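Comments concern the structure below.
FYI, it's all coordinate maths here, none of it is from the lab. Just so we're clear, the structure is a prediction, and the values are computed from it rather than from any experiment. Reconstructed Cβ throughout: ideal geometry from the backbone, glycine too, with neighbour counts over all protein chains shown.
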Amino acid sequence: MPTLPYNLTATVVIQTVVTSLAPSTNNVATVSIQNAGTTLWSQVLIQSSNLAVLPEMSIGSGTAKVVIHAGGTLTLQVPTALQNGYISANLVWDNGDTKNQILEGQIVSWSLTDK
């Protein structure tokens, strides 16, 4: 099953691990926020519960501090024969002195047959 990273910064990654719940294929996504390989937050998304609402997260310190603001979302679209599955993001984050950056749209995708 695929592991799909989206690099928010050089060290902060939104990672999606796609698995299957029989009889469907590639229909479960575990999304996590990681800092330098350490998981800080994680949630499993399935078709009937496809929305994750993020808590406030403060990652790192000083000029490299990343803040993900509370209330951002990650949404699962399960793949079908007609379209890829994907995770879309809608969140606001700060990176050092750059404040209120918006991440909106598809961040990773996969097909029914990706392994």
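Residues that are of a type in the set (Gly, Ala, Ser) and buried (at least 16 other Cβ atoms within 10 Å of the Cβ) were ranked within region 64-104; the one that is farthest from ASN27 (Cα to Cα) is GLY72. For region 94-112, the tally of residues that are more than 27 Å from GLN47 (Cβ to Cβ) and either touching a residue at least 40 places away in the same chain (Cβ under 8 Å) or touching a Pro at 6+ places or on another chain (Cβ under 9 Å) (or both) stands at 1. Contact annotation: no residue pair with Cβ atoms under 6 Å, 6 or more positions apart or on different chains, pairs a residue in region 52-73 that is over 20 Å from THR38 (Cβ atoms) and in contact (Cβ under 8 Å) with a residue 40 or more places away in the chain with a partner that is aromatic (Phe, Trp, Tyr) and assigned to a loop (DSSP other than H, G, I, E, B).
Counting only residues that are hydrophobic (A, V, I, L, M, F, W, C) and either closer than 11 Å to ASN27 by Cα or more than 13 Å from the chain's Cα centre (by Cα) (or both), region 105-115 holds 2 of them.
With respect to (1) closer than 22 Å to ASN100 by Cα; (2) of a type in the set (Val, Ile, Thr); (3) surrounded by fewer than 14 Cβ atoms within 10 Å (Cβ to Cβ), the lone exception for THR38 is condition (1). Just checking, does region 6-20 include any residue being within 22 Å of ASP114 (Cβ to Cβ) and among the small types (Gly, Ala, Ser)? Looking for residues that are within 22 Å of ASP114 (Cβ to Cβ) and among the small types (Gly, Ala, Ser), one finds at least one in region 6-20, hence yes.
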